[in-house]
Amino acid sequence: MDGKDLIYGMGFVDEKFVEEAEYATQIRRTSFPWKYYFVAACFVCVISVAMLIPNIFDTPVAPPDYEITLPYQTDPAPYYPEIHQVNVSQVRVNDVQSVSEGSFLYDPEVHEIITWTMDEITAYYGRNPIPAYIPNTLTASPYNESAAVLVDKSGVAVNDLIYFDFYHEYDNNGNPLLDTENGAKIGFSVAISKIGMTGDCVYVDTNNLETTYIGDTAVILGSMSTPYKRYTAKFQYGGTHYLIIADQMQLEEVVKVVASIIYESDNISILN
Amino acid sequence: MEDYEIICLFWKRDEMAIKHTEVKYGGKLCLLAMKILNSREDTAECVNDTLLKTWNTIPPQKPTYFFAYIAKICRHICFGLLDWKNAQKRNAKIVELTSEMQSCIPDSLSNIDREVESKEIGRLLNIFLSGLAQEKRLIFMRRYWYTDSIHSISQRYDISESKVKTTLFRTRNELEIFLRKEGITLWTVKT
């Protein structure tokens with residue numbers, strides 16, 4: 001065995017390492033956190049000095065005879081919103097076999113349907129669950145302002161599944177219109193639930209499941225072979241389960257919507 | 001075009017798959033091959049062979065990391081074409097890399113007469129790389145998989161050349177210790 005064998009053997013390393021080395025443009029430095037040790041050491045020194053000279057903090061300090069005035073008031077530093085970058089070439093999309101609607105057994109003896117306003121939804125989920133980024137061509141459904149949920153007799157939510165729809169056009173009843181070309185909706189719906197009931201079931205091959213990381217959040221993206229493009233995105237963020245089903249949208253736009261939920265910001269830059 | 005769309009074309013036996021692969025990754029493959037072979041003619045041949053082998057292996061393969069998959073094929077073909085005996089005259093970089101890697105091999109293993117199976121080495125390297133910090137792994141992979149120069153690695157990751165050299169030196173030492181520990185396994189596999 002010699003150096004040549006090792007160089008040649010490198011050719012058999014896992015493809016994930018090859019891919020990682022190709023697309024990672026920055027390295028995360030695992031430097032020793034000296035600055036924290038420095039701050040801690042300073043703190044210990046101050047405490048030690050204070051203990052050695054017990055009356056140091058009790059000595060009265062005479063007020064100054066003059067007033068200190070600042071020559072000018074400095075302007076606060078301008079605020080630049082943080083831009084979150086997502087590299088779409090690192091996005092992994094799974095094949096979706098089918099999507100079917102889930103169901104919940106409603107028992108009027110036990111359950112009660114109540115309506116939550118947007119404030120109540122925000123209070124329950126701890127944040128406004130609507131994506132920060134909505135493509136310009138899409139508008140919010142008139143039904144997004146409130147949601148019907150199921151509670152038990154003690155008022156505890158047993159089905160907290162809420163849908164928010166964003167489509168290109170709606171009929172008079174507020175239902176999304178289908179386009180003439182594919183007979184399908186254009187836009188997406190977001191289903192959210194703290195309990196974990198994401199409504200629709202997305203069938204993917206779990207043996208070859210690929211995960212995309214946006215920030216630290218694992219997102220399972222899927223695409224379905226339909227006459228038009230359908231993408232799905234399933235993830236959990238801030239204790240809430242999300243399922244996005246997007247019809248006739250570009251992958252980049254879907255990723256941007258997902259990233260806007262995860263980063264809680266609409267300043268998302270998509271890199272190709 | 002997305003990778004999965006290209007893979008779909010391969011599965012449909014649509015020859016446009018080769019065209020799209022060449023458009024998207026041809027440049028990268030050429031660069032990789034050129035760094036190893038240092039010859040324009042051999043590089044062109046190698047990239048063509050890579051595309052042909054990709055066509056012949058997808059299907060049944062359905063690679064998760066498409067670029068890594070074709071780059072691996074390209075690298076294998078390149079090293080197959082490389083004339084090791086004359087490499088010293090034609091490609092100083094390969095000689096340099098080989099010499100660096102030679103330093104990772106513990107004495108106990110360098111005495112093994114037989115050529116250890118490359119796949120077995122690859123398996124050991126996978127274990128070794130999995131245990132490395134990302135920073136070390138990226139630098140190591142760029143140097144010994146992509147055969148990048150120290151300068152280009154430092155440019156790529158915006159770090160000093162001395163940092164790259166130090167990291168590589170330490171990683172090679174870690175690899176030597178790792179191979180020494182795994183030496184028995186390696187020996188057992190071969191006997």
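Per-structure values
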{"read-out": "Test: residue in region B:56-69 that is part of a helix (DSSP H, G or I), of a type outside the set (Lys, Arg), at the interface with another protein chain (Cβ under 10 Å from one of its Cβ atoms) and free of Cβ contacts under 8 Å to residues at least 60 places away in the same chain", "value": "yes"}
{"read-out": "Given (1) more than 14 Å from A:VAL202 (Cβ to Cβ); (2) within 9 Å of the chain's Cα centre (by Cα), index of the condition A:PHE235 fails", "value": "(1)"}
{"read-out": "Scope region A:229-265; condition of a type in the set (D, E, K, R), touching a Lys or Arg at 6+ places or on another chain (Cβ under 9 Å) and more than 17 Å from A:TYR163 (Cβ to Cβ); matching residues", "value": "A:GLU264"}
{"read-out": "Tally, over region A:91-117, of residues that are closer than 30 Å to B:ILE6 by Cβ and either touching a Gly at 6+ places or on another chain (Cβ under 8 Å) or at pLDDT 80 or above (or both)", "value": "6"}
{"read-out": "Scope region B:111-138; condition part of a helix (DSSP H, G or I), of a type in the set (A, V, I, L, M, F, W, C) and at pLDDT below 85; matching residues", "value": "B:ILE121"}
{"read-out": "Residue among A:ASP119, A:ASP160, A:ASP107, A:ASP152 that is out of contact with any Leu (no Cβ under 7 Å at 6 or more places or on another chain), of a type outside the set (Lys, Arg) and within 30 Å of A:ASP205 (Cβ to Cβ)", "value": "A:ASP160"}
{"read-out": "Test: residue in region B:139-160 that is basic (Lys, Arg), within 25 Å of B:HIS76 (Cβ to Cβ) and modelled with pLDDT under 90", "value": "yes"}
{"read-out": "Qualifying residue in region B:72-90 (condition: farther than 16 Å from A:LYS4 by Cα, out of contact with any Cys (no Cβ under 7 Å at 6 or more places or on another chain) and at pLDDT 90 or above)", "value": "yes"}
{"read-out": "Residues of region A:122-150 classified as farther than 22 Å from A:GLU253 by Cβ, small (Gly, Ala, Ser) and within 19 Å of the chain's Cα centre (by Cα), total", "value": "2"}
{"read-out": "Members of region B:8-33 that are within 21 Å of A:ALA21 (Cβ to Cβ) and crowded, with 21+ Cβ neighbours inside 10 Å", "value": "B:THR21, B:TYR25, B:LEU29, B:LEU32, B:ALA33"}
{"read-out": "B:THR43 being in contact with a Ser or Thr (Cβ under 7 Å, 6 or more places away or on another chain) and part of a helix (DSSP H, G or I)", "value": "no"}
{"read-out": "Members of region A:174-225 that are under 23 Å from A:ARG127 (Cα atoms) and in a loop (DSSP other than H, G, I, E, B)", "value": "A:LYS194, A:ILE195, A:GLY196, A:MET197, A:THR198, A:GLY199, A:GLY215, A:ASP216"}
{"read-out": "Residue that is nearest to the other protein chains (Cβ to nearest Cβ), among those in region B:140-165 that are among the hydrophobic types (A, V, I, L, M, F, W, C) and part of a helix (DSSP H, G or I)", "value": "B:MET141"}
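The values are calculated or read from the model by the stated rules, or taken from the named source; none is laboratory data. Bear in mind that the values here come from a model prediction, so they are computed numbers and not experimental data. Here the Cβ is made from the backbone with ideal geometry for all residues, glycine too, and neighbour counts use every protein chain on show.
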